[in-house]
Amino acid sequence: MKIMHPKNEGALNIIIVGCGQIGKNLAEQLNEQGNNITVIDFDPATVKELSTKLDIMGVVGNGATHAVQEEAGIENADLLIAVTGSDELNLLCCLIAKRAGNCRTVARVKNPDYSKESDYLKNELGLAMVINPEYAAALEIARILRFPSALKIDTFAGGRVELVKFRLPETSPLVGTAVRDVAGRFHCDLLFCTIEREEEAYIAKGDFVFAAHDIITLVATPKSAENFFFKIGYKTRPIRRAMIAGGSKTAHYLCEMLQKDGVKTKLIERDAEICRDFCEAFPDMIVINGNTSDRDTLLEEGLAETDAFVSLTDLDEENILLSLYAKSVTDGKIVTKINRFDFDDVVRPLYLDSTVYPENITSDNIVRFVRAMKNTRGSNMETLYNIIKGKVEAAEFIAREGSPVMGKPLSELEIEKNILLAAILRGNEVIIPRGHDEIRPGDRVVVVSQMLPLHDLSDILR
């Protein structure tokens, strides 16, 4: 029996093959955004649990067979996303889907050999997107290391506007300062968007007073952000020396990026064969065959003097412990890779500095791709980021002629309570919006919203 979804305007028919962490996360996010979701997995219990929890369709079986894809409704599908644990299975799923349903396809591919040929695979197999979790994680880590003050950096409009997340130490001059007083006190052109305090999330209102350990997200141009962090005593220079624990695939990609950035990198790995592979791939890099968990080894190799320490072993628990130890002996930037989504609540109170979740990055990138697909169907949303997962998101819209948000000063618009206009991009000009500014046709507008899924720029109005 073929699955048939009701015709909902603007909804995409999406099949997700593989109900692991990424598959579950994708199903939840894409379902919340009003799409018609069908999941496929070998495990009947997993399919039943997910389909019941989210009220979506589920098919048990091998997603790389035409019969199972047909049962899942491949003929009417707009998109198939293959995120099983096998690269080959994912590619085969996409190949069959392309022939059976002529839909767009996305494949998760982890093997570096396949990743190097992603352009070839996209062209020859007709894939719309090939995404590698380890490469995506390395890219985010490299971006963080270029600006060590940040916990996380996202960009809009080709990097002209940055969404920067950072934590306030107890000694920060911002502690005890109200949001509305920061611009005048530090003479900076930026906009505070959100504050995370323990389990709570807040949109930054003018009377909000910052406290120690708050996690803050702001929007600014790269130059304004650097100027602001310099004024409040944060590190603004990219790191020059880095130590990496663990010779994972993520470490391999990161070493390539750091070498291009001119960063002197030292890697510690307990497996001799992996060390040899790294020595061959990076002859100018120092590779130490040693126990990543041994404190004496870390200290002897210069942990206390390094500008950055990145824990990239395959064990989340080891990465967390290594980062906690590194934090106790160095003032350098600490980055921790964590694979499991459900560790987030455990990690947050530890103040680990920057944490990177490869699976989360992967699902977020795919969700942004789906948003782009919807954009071709009439939505004016260009980019979407989760600022605080499940609580606050930032979206980039293009203002179109005739929209009710245009032609008036922002102070005169009746904007929903939990919405903040964070930036307006007009040609090459970046405007941090104030009450007298207005939105014009063709403007790119960055909107931060709390618990309010937005599909159109006009949704910001009451």
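The values are calculated or read from the model by the stated rules, or taken from the named source; none is laboratory data. Since we're looking at a predicted model, the values are computed, not measured. Note that we place each Cβ from the backbone using ideal geometry, even for glycine, and neighbour counts take in every protein chain shown. The protein model used for the area step is the full one, side chains on, heavy atoms only, and it has no ligands, DNA or RNA in it. Shrake-Rupley method; radii C 1.70, N 1.55, O 1.52, S 1.80 Å.
The set of residues from segment 183-198 being assigned to a loop (DSSP other than H, G, I, E, B), of a type in the set (A, V, I, L, M, F, W, C) and more than 23 Å from residue 416 (Cβ to Cβ) comprises just one member, 188. Note on segment 4-71: enclosed strands (runs of 3 or more DSSP E) holding 2 or more residues that are open to solvent by less than 20 Å² (accessible area, probe 1.4 Å), β-branched (Val, Ile, Thr) and modelled with pLDDT of 95 or more are 13-17, 36-41.
Within the set 192, 186, the sole residue that is closer than 27 Å to residue 425 by Cβ, touching a helix residue (DSSP H, G or I) at 6+ places or on another chain (Cβ under 6 Å) and surrounded by fewer than 21 Cβ atoms within 10 Å (Cβ to Cβ) turns out to be 186. From the list 97, 157, 138, 107, the one residue that fits, being in contact with a Leu (Cβ under 6 Å, 6 or more places away or on another chain) and on the phi > 0 side of the Ramachandran plot, is 157. Output yes when any residue across segment 227-235 is of a type in the set (Phe, Trp, Tyr) and open to solvent by less than 10 Å² (accessible area, probe 1.4 Å), and no when none is. Scanning segment 227-235, I find at least one residue that is of a type in the set (Phe, Trp, Tyr) and open to solvent by less than 10 Å² (accessible area, probe 1.4 Å), so the answer is yes.
Being within 25 Å of residue 361 (Cα to Cα) and in contact with a Phe, Trp or Tyr (Cβ under 9 Å, 6 or more places away or on another chain) is a property that holds for residue 217. A single entry from 201, 212 fulfils the requirement of being small (Gly, Ala, Ser), more than 27 Å from residue 298 (Cβ to Cβ) and part of a strand (DSSP E or B): 201. Pairing residues of segment 28-50 that are among the hydroxyl-bearing types (Ser, Thr, Tyr) with residues that are surrounded by fewer than 14 Cβ atoms within 10 Å (Cβ to Cβ), at Cβ distances under 9 Å and at least 6 apart in sequence or on separate chains, gives no pairs at all. Residue check: is residue 85 within 20 Å of residue 365 (Cα to Cα), out of contact with any Leu (no Cβ under 8 Å at 6 or more places or on another chain) and not aromatic (Phe, Trp, Tyr)? Answer is yes for this residue.
Where strands (runs of 3 or more DSSP E) fall entirely within segment 406-450, those with at least 3 residues that are surrounded by 15 or more Cβ atoms within 10 Å (Cβ to Cβ) and touching a Pro at 6+ places or on another chain (Cβ under 8 Å) are at 419-426.
Taking the criterion of being in contact with a helix residue (DSSP H, G or I) (Cβ under 9 Å, 6 or more places away or on another chain) and not in a strand (DSSP E or B), the residues of segment 391-405 that qualify are 399, 400, 403, 404, 405.
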